[in-house]
Amino acid sequence: MEELLIVTTGGTIDKVYFDDKSDFQVGEPQIGRILEELGVAFRFRVIPILRKDSLHITDEDRDLMRATIAAQSTRHVLITHGTDSMVATAHALTALSGKTIVLTGALNPARFRGSDAEFNIGTAVGAVQSQPPGVYIAMNGRIWDPAKVRKNVEANRFESAG
């Protein structure tokens, strides 16, 4: 892998809790800090393009993601994304060819103790290096084909669709 392109879109992985407002808001992208703290042995570049909860990501946002990725020569792409509409975004990116694109996120904010963020990022980094060109989702310790996965909201996990 010559360089890993990381595109950040927001989602729970980047959420921070504001005590005075008693709510969560999408904050700064966390993945660069996480990878630096882990001392990874590869080059990466972070392009933050959105700071949205994935329920608010639009078709225009997906067009922006597609155009941003298409404009880069990098073949390995990791996208941090909210989990609620991750599958829809993965479908929107399947038209991109010659790139291995892996979407990941977290069910709990990266800043929280016990978050699944680091584990999911690690799974995604492994997937982006080992999978053939295409679009994948890395969640819950598995690499998923976007056409065969769904988020089970009640169980708060990804699972096979159908």
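What follows is calculated from the coordinates using simple rules that are stated; it is not laboratory data. Just so it is clear, the structure is predicted and the values come from calculations on it, not from any experiment. Heads up, the Cβs are rebuilt from the backbone with ideal geometry, glycines too, and the neighbour counts pull from every protein chain shown.
Quick notes on this structure:
- With the helix formula -39500 (n - 2.57) applied to DSSP H stretches of n ≥ 4, the chain reaches a computed 222 nm mean residue ellipticity of -7500 deg cm²/dmol.
- Nearest-20 debye value, the chain charge dipole, Cβ charges on Lys, Arg, Asp, Glu: 360
- Close amide-amide hydrogen proximity is noted between Asn108 and Asp116, Ala117, each under 5 Å apart and 5 or more residues distant or on a separate chain (H modeled in the peptide plane; Pro and chain starts excluded).
- Where trypsin sites (Lys or Arg not before Pro) in DSSP loops with at most 12 other Cβ within 10 Å are excluded, longest remaining stretch of the chain: 44-112
- For the chain: rounded, prolate or oblate by the Cα gyration tensor [a/c cutoff 1.5]: rounded
- Reachable lysines, given that their alpha-carbon falls under 27 Å from the alpha-carbon of Lys15 and they are not under 8 places away in the same chain: Lys52, Lys151
- Listed residue (Thr104, Val87, Gln129) projecting farthest to the positive dipole end of the range 4-160, Cβ model: Gln129
- Shown here for the range 56-162: chymotrypsin sites (Phe, Trp or Tyr not before Pro) in loop regions (DSSP other than H, G, I, E, B) with at most 14 other Cβ atoms within 10 Å, namely Phe112.
- Amide H partners (placed H, <5 Å) of Val149, local residues excluded: Ala161
- Straight-line cross-link partners of Lys148 among the aspartates and glutamates, defined as a Cα under 18 Å from its Cα and at least 8 positions apart when in the same chain: Asp84, Glu159.
- Farthest toward the positive end of the dipole of the chain, out of Gly27, Ile13, Phe42, is the Cα of Phe42, where the dipole comes from beta carbon charges about the Cα centre.
- Qualifying GluC sites (Glu not before Pro) for the range 90-162 [loop in DSSP, other Cβ within 10 Å: at most 13]: Glu154
- FRET efficiency, Thr74 to Val153 (Cβ-Cβ, R0 22 Å, nearest 0.05): 0.10
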